[in-house]
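Report on one structure; see the data block that follows.
What follows is calculated from the coordinates using simple rules that are stated; it is not laboratory data. Computed from a predicted structure; not experimentally measured. Neighbour counts are summed over all protein chains in view; Cβ atoms, including those assigned to glycine, are modelled from backbone coordinates with ideal geometry.
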Amino acid sequence: MFSAGEYIVYGTSGVCEIIEICKSPFSKEDLRDFYLLHPIKEKQELKIYTPVDNPNVMMRKLMDKAALEVFVQKIPEIQPLVVPVEKNRRDIYRQALSSTEPEKCMSLLKTVHARRAVFAELKRRLPETDLEFEELAKESLFRELSIVLDIPFSDVNTYITKHVDEA
């Protein structure tokens with residue numbers, strides 16, 4: 001169980017702060033405890049209520065600095081996602097993102113990066129699905145790194161590039 005004031009990665013919503021643990025805001029008969037979450041996205045005032053024991057959405061603590069350093073060192077080895085059937089691309093992206101695993105987010109970002117190069121060469125616009133999930137993956141992964149490293153969100157890409165080049 002997490003505590004109020006902690007940051008977690010919550011499914012496809014990305015990094016959220018746990019505002020409080022409370023009883024159900026929906027029904028007095030529901031005796032479960034709920035997290036009241038606030039997604040840490042710029043200009044986002046959304047509040048999410050989710051049961052503490054929600055089996056349907058992955059939740060995890062943010063990486064600590066040691067785990068983050070190991071992750072950054074592994075980035076060159078992380079492979080893009082495999083999408084054998086194009087019509088399944090959205091589902092594969094959604095599964096990668098909802099896993100809350102940093103490696104899967106990076107795989108998604110590498111997939112979109114490779115596709116961007118192919119589409120640019122063909123002088124075609126990158127599909128909306130790629131753009132949408134790229135933004136979600138960056139928001140989730142880069143926000144986590146920003147908080148753990150205590151650096152501005154806008155500096156995360158530079159941090160990753162610098163440390164991957166040094167590895």
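How large is log10 of I(q)/I(0) for segment 63-166 at q = 0.12, 0.22 Å⁻¹ when the intensity is taken from the Debye formula with one equal scatterer per alpha-carbon?
-0.41, -1.23
To the nearest 10 degrees, how steep is helix 156-166 against the longest Cα principal axis of the chain, on a 0 to 90 scale?
For 156-166 against the chain, the angle is about 50 degrees.
Output the 0 to 90 degree angle, nearest 10, between the alpha-carbon long axis of helix 89-98 and the longest principal axis computed from the alpha carbons of the chain.
The answer is roughly 50 degrees.
So, with +1 on the Cβ of K and R and -1 on the Cβ of D and E, and no other charges, what is the size of the charge dipole of the chain about its Cα centre, to the nearest 20 debye?
In total the dipole reaches around 560 debye.
For GLU101, GLU132, which order do you get if you count the other beta carbons within 10 Å of each Cβ and list the fewest first?
Lowest to highest Cβ neighbour count: GLU132, GLU101.
Kindly write out, for segment 20-26 in residue order, the coupling ³J(HN,Hα) from the Karplus curve 6.51 cos²θ - 1.76 cosθ + 1.60 (θ = phi - 60°), rounded to whole Hz, with x marking Gly and Pro.
6, 10, 9, 7, 4, x, 9
Please go through the residue pairs LYS61/LYS162; LYS23/LYS65; LYS74/LYS123; LYS61/LYS110 and name each one whose alpha carbons sit more than 30 Å apart in this structure.
The answer is LYS23/LYS65; LYS74/LYS123.
Using modelled amide H (1.01 Å from N, peptide plane; none on Pro or chain starts), what sits under 5 Å from the amide H of THR50, excluding residues fewer than 5 places away?
TYR35, LEU37
How much length is gained on full extension from ARG32 to LYS110, taking 0.36 nm per residue of separation minus their Cα-Cα distance?
The ARG32-LYS110 span can extend by a further 24.1 nm.
Considering only C-alpha atoms, what is the centroid distance from segment 26-59 to segment 106-167, in Å?
With segment 26-59 and segment 106-167 each reduced to a Cα centre, they are spaced 27 Å.
Which aspartates and glutamates have a Cα less than 14 Å from the Cα of LYS138, not counting those fewer than 8 places away in the same chain?
In chain and number order, the partners are GLU42, GLU101, GLU103, ASP130, ASP155.
Among SER13, SER107, rank each residue by its count of other Cβ atoms within 10 Å, from fewest to most, as a rough exposure measure.
The fewest-first ordering by Cβ neighbours comes to SER107, SER13.
Straight-line reach from LYS28: which lysines fall under 24 Å, measuring Cα to Cα and dropping same-chain residues less than 8 apart?
Candidates past the 8-residue exclusion: LYS47.
If you fit an axis through the alpha-carbon atoms of helix 128-149 and take the longest principal axis of the Cα set of the chain, what angle between them do you get, 0 to 90°, nearest 10?
With rounding to tens, the tilt is 70 degrees.
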